[in-house]
Amino acid sequence: MTLKYPKLTFFLLNLLIALLLLTGIGYFVLHYLDNYTRHGYSISVPSFRDLTPKQAEELAAHHKLQVIVIDSIYDENALPGTIQEQYPLEGSKVKNNRTIQLIMNARDPEQIALPSLANIPYRQTLKTLKLKGFEIGHIVYTPSEFKNLVLQLKHQGEVVEPGTLLMKGDTIDIVLGEGNDGNNKVLIPRLYKLKIEEASRLLKENYLNLGEIVKDSLMEADKDIKEAMIYLQDPPYIKNFRITAGTPVNIHVTFDTLKFQALDSLQMME
C-alpha cells in the first residue's frame, strides 16, 4: 500500500522519535540529579562543642560531613584547643559532605600591641582601648598643667610604652594630668538601677572610679553579681553636686525588686 502523504508521515515519525529521546534523557538527568543531590535526604548537624579539631574531624566523617577551623577566640573558662562555636548550628539540616565552620578556643590569649595614646584626649583613649580589647582600670591623677590629658598608661602598676605586647583583656590604668587651677571637680552621675558594668562605664566617662561593690545581705552566693542592680551609691547622687575627679564611688547592689519599690515610693514622697 502506498502512503498518500510520505513527507508528513516521515516528519511525524521523526517527531515521535525526538519526543521519546527527550523523555528518556529528561528522566535519566532528573534521576541522576536526584541521586547526586540525594533530594529529600538531609543530615542533622551534631554538636562539635568542647571537641578537639581531630575529634571534630572524626565525628564529621562519621556523619559524612567535613569541618574547617576558620577562627579562634580566647575564653579563660573554656578548655584550650577545643571547639566553642560552629556554623551551621547543632541540629541544623544539611546535605552530606557539607563543610561545617568551626571556631576554636585559643591556647593563649591574643596578644595586642598597646597603641600610642599619650597626649590624646581622655574620652578618645577610653574608646580606643576598648576597641583594642583592653579593660579600663583606674583613673589616676598626677601633677600636670594639662588638665585631664592622658600622660601615661599603666599595667599592673608599671608604665607601659606604645607597642608593648599585652594580652587581650588586660586591664589598663590611665594617668591623667590634674591641671593647675586646683578645681578639678566633676558631676557625679546617677547610678540607681544600673548594672555594675554600665555603672563602671558611666563613672569612667565622667572621670571617676568604681569603688567598693557591696552585696545585699540577702543575695544568694551562686547568683551572678554582674546581673544585680544598684540601689545605693556613695557619694550619693545630688543634682549639680560635684566631687574631685578620680574619686571612687562605692555601690550597693541587689536582686530584690521590693527594695526598689520602697526607694521609689520614698522618692515620690520627697
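The values are calculated or read from the model by the stated rules, or taken from the named source; none is laboratory data. Treat the numbers as computed from the prediction; the structure is a model and nothing was measured. All Cβ positions, even for glycine, are placed from backbone atoms using ideal geometry, and neighbour counts span all protein chains on display. Just the protein is used for accessible areas: all its heavy atoms, side chains included, with ligands, DNA and RNA removed. Shrake-Rupley method; radii C 1.70, N 1.55, O 1.52, S 1.80 Å.
At a glance:
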quantity: Rounded accessible area per residue of the stretch 108-182, 1.4 Å, Å²; calculated: 57 Å²
quantity: Difference of contour (0.36 nm per residue) and Cα-Cα distance, residue 180 to residue 111; calculated: 21.1 nm
quantity: Amide H partners (placed H, <5 Å) of residue 250, local residues excluded; calculated: 211, 212, 234
quantity: Estimated FRET transfer efficiency when R0 is 25 angstrom, pair residue 140-residue 241 (beta carbons, to 0.05); calculated: 0.60
quantity: Accessible surface of the stretch 92-147 [probe 1.4 Å, protein heavy atoms]: carbon and sulfur percent; calculated: 49 percent
quantity: Dipole magnitude (debye, nearest 20) for the chain, charges at Cβ of Lys, Arg, Asp, Glu; calculated: 1600 debye
quantity: The stretch 42-103 - percent relative contact order, Cα under 8 Å, separation 6 or more; calculated: 52 percent
quantity: Residue-normalised accessible area of the stretch 185-269, expressed per residue, 1.4 Å probe, Å²; calculated: 61 Å²
quantity: Hz values of 3J(HN,Hα) by residue in the stretch 14-25 - Karplus curve (6.51, -1.76, 1.60), Gly and Pro given as x; calculated: 5, 5, 5, 4, 5, 5, 5, 5, 5, 5, x, 5
quantity: 5 angstrom amide H check on residue 134, placed H, neighbours 5+ away; calculated: 169
quantity: The chain: antiparallel DSSP beta bridges as a percent of all, rounded to 5; calculated: 60 percent
quantity: Given charges at Cβ of Lys, Arg, Asp, Glu: the chain dipole, positive-most of 199, 45, 125; calculated: 45
quantity: Qualifying lysines (Cα of each under 22 Å from Cα of residue 195; at least 8 residues distant if same chain); calculated: 127, 130, 204, 215, 223, 226, 239, 259
quantity: Nearest-0.05 FRET efficiency for residue 214 and residue 49, computed from C-beta distance (R0 41 Å); calculated: 0.65
quantity: Per-pair calculated FRET efficiency, R0 = 30 Å: residue 201 and residue 90 via Cβ, rounded to 0.05; calculated: 0.30
quantity: The stretch 232-249 and the stretch 75-93: distance between their alpha carbon centers, rounded to Å; calculated: 43 Å
quantity: Residues whose placed amide H lies under 5 Å from that of residue 82, excluding near-sequence neighbours; calculated: 105
quantity: Mean residue ellipticity (222 nm) of the chain, computed from DSSP H runs ≥ 4 via -39,500 (n - 2.57), nearest 500; calculated: -9000 deg cm²/dmol
